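The values are calculated or read from the model by the stated rules, or taken from the named source; none is laboratory data. Keep in mind it's a predicted model, so treat the numbers as computed, not measured. Note that each Cβ is placed from the backbone with ideal geometry, even for glycine, and that neighbours are counted across all protein chains shown.
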Amino acid sequence: MEEKGDGREGTAEPVVIGRSEHSISRRNIDPDALRILFRLHRLGFTAYLTGGAVRDMLLGKEPKDFDIATDAHPGQVKKYFGNAFIIGRRFRLAHIHFRGGKIIEVATFRKDPGPDTLDLPSAGIAPQFAFGTPEQDAWRRDITVNALFYDPVSATLIDYVGGLTDLRSRRIRVIGDAGERFREDPVRIWRVVRYAARLGFAIEEDIGREIVAQRHLLSACSPARLFEEFCKDLLGRQTRLIIADLREYGILRCILGRIGETFETDSLLFNKVCSLLDIADREKSLRRDLSLTEMSALLFWPWAEPLLAGVPPDPYTVLKKAFMNAGMAVALPKGLRAQVIDILAMTGRMVRALRDGNMRWSMRGRPQYGQASRLCFLIEQNRAPKEGESFENLFQQAFPSRPTWGAKRRRRRRKKSPALQ
Ligand code: ATP
Ligand code: MG
């Protein structure tokens, strides 16, 4: 690949790489995304594929989603695509919906609002993003390898920010001044660590220093935005690597409050987190995805386990209080938190039952029982249960002569758990 410069000095001329010099093939692009790109082009707009899709395709990985950047305004996208919906609080963009729940994001090129319009997340104020040129759009992005454009019409790659050089050197570089960009939007701190971990790229020392100096700003970010990032890490690839790197940079305490602090200070406990996440990553790589509830319960189990030791009278209340007192910056939605608490409490009971042989089988009626059974299996067997395997198998192995579900007389539960109310 012949390059004209790395663009970091702010040169207006991008590096343009022709079809014969890069590895992206239209065949690897989602056909619906391609149709949108070509249609926008036919309508006279500029439209590029950008973000993670271009980055991942250049690295030979399968992209998770295909984001499109265009000079068409959201209203115009809506006008020309019947299945488009305008969304966004911080900035308006179009989501084009397809069968099977697939969504392709079409965002209008925009420019950085600059340090004057700092992200004021706790105040819930949306910075005033203005539409911009492709070049401005590249420069307002977070890291260089996320700011590449692919033009499907000419099959060229367009690089304004030196992303191709960084991709080849396998390094994560923040666009512009890292300190300023982190202050502007501290969520970028989390993102830098995520992509370095996920791609196996290096974070330069000065950026590492800025991360440490500014990580505290994360705890003041919008809890809902932090939850979005949390979901990306739990549902995406390489969760263990990312969580371990967030710990290395002391970020877990900034996003998960006391829970994160425990993960950072107690290495033995964190080793358990890592081995559970390793199992989950293995499952995900085999396309056996875990739900967000399962992943959250898995992550929090090593922290919850000691709280459930000594048979607390009401594990649900114990866990509910512990979550409330944890001071997490990431806001788990109420429903999700209640489900996670339910799973953790039941798992605690199951794990104990495997030691003392006393199981409250009436739990089987609870909605989260199946997920708790899977979690218990993971913890006890260091692998996910196969089709048809469950906690009952483990119990039978441990206590072959004890009856399992159905053999005991059913008793009515006296008190409904507060987590379910
Ligand atoms: P993946 O979807 O595989 O996690 P991605 O790079 O596509 O990776 P998204 O969260 O989908 O990540 O964001 C799409 C693009 O939007 C990014 O590649 C980046 O260019 C830009 N972006 C996202 N968040 C920010 C941010 N906080 N500041 C600046 N640019 C951002
Ligand atoms: Mg993406």
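Below is a table of values for the structure above.
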read-out: Residues satisfying the stated conditions in segment 62-86, i.e. near ligand 1 (Cβ under 9 Å from one of its atoms), under 19 Å from GLN238 (Cα atoms) and among the charged types (D, E, K, R); value: LYS64, ASP65
read-out: Test for GLY51: is it at positive phi and within 16 Å of ligand 1 (Cβ to nearest atom); value: yes
read-out: Qualifying residue in segment 393-411 (condition: modelled with pLDDT under 95, closer than 22 Å to THR293 by Cβ and not in a helix (DSSP H, G or I)); value: no
read-out: Residue check for VAL174: more than 16 Å from ligand 2 (Cβ to nearest atom), crowded, with 22+ Cβ neighbours inside 10 Å, farther than 23 Å from GLU248 by Cα and among the hydrophobic types (A, V, I, L, M, F, W, C); value: no
read-out: Helices (runs of 4 or more DSSP H) fully within segment 172-238 counting 1 or more residues that are touching an Asp or Glu at 6+ places or on another chain (Cβ under 8 Å) and away from ligand 1 (no atom under 14 Å from the Cβ); value: 178-184
read-out: Every pair of residues 6+ apart whose Cβ atoms lie under 6 Å, when the first sits in segment 245-256 and is within 16 Å of ALA331 (Cα to Cα) while the second is in a helix (DSSP H, G or I) and among the acidic types (Asp, Glu); value: LEU252/GLU264; ARG253/GLU261; ARG253/GLU264
read-out: Residue within segment 205-222 that is within 16 Å of ligand 2 (Cβ to nearest atom) and within 18 Å of the chain's Cα centre (by Cα) present; value: no
read-out: First in segment 42-58 and free of Cβ contacts under 8 Å to residues at least 24 places away in the same chain, second anywhere and assigned to a loop (DSSP other than H, G, I, E, B) and near ligand 2 (Cβ under 9 Å from one of its atoms), Cβ under 6 Å, 6 or more apart; value: ASP56/PRO63
read-out: Residue within segment 261-274 that is more than 16 Å from the chain's Cα centre (by Cα), within 24 Å of PRO385 (Cβ to Cβ), modelled with pLDDT under 95 and not hydroxyl-bearing (Ser, Thr, Tyr) present; value: no
read-out: Residues that are polar (S, T, N, Q) and either in a strand (DSSP E or B) or buried (at least 21 other Cβ atoms within 10 Å of the Cβ) (or both), drawn from segment 147-167; value: THR156
read-out: Residue satisfying condition, being over 26 Å from SER285 (Cα atoms), modelled with pLDDT of 90 or more and assigned by TED's automatic domain parsing to the domain that holds GLU294, within set GLY365, GLY370; value: GLY365
read-out: Which listed residue is of a type in the set (Asp, Glu) and either more than 12 Å from ligand 1 (Cβ to nearest atom) or at pLDDT below 80 (or both), from ASP119, ASP142; value: ASP119
read-out: Hey, GLY257 assigned to a helix (DSSP H, G or I), out of contact with any Ser or Thr (no Cβ under 6 Å at 6 or more places or on another chain) and on the phi > 0 side of the Ramachandran plot or not; value: yes
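Yes or no, residue by residue, for (1) closer than 25 Å to GLN339 by Cβ; (2) among the charged types (D, E, K, R):
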residue: ARG209; (1), (2): no, yes
residue: GLN214; (1), (2): no, no
residue: PHE227; (1), (2): yes, no
residue: GLY236; (1), (2): yes, no
residue: GLU264; (1), (2): no, yes
residue: LEU286; (1), (2): yes, no
residue: GLU294; (1), (2): yes, yes
residue: PRO302; (1), (2): yes, no
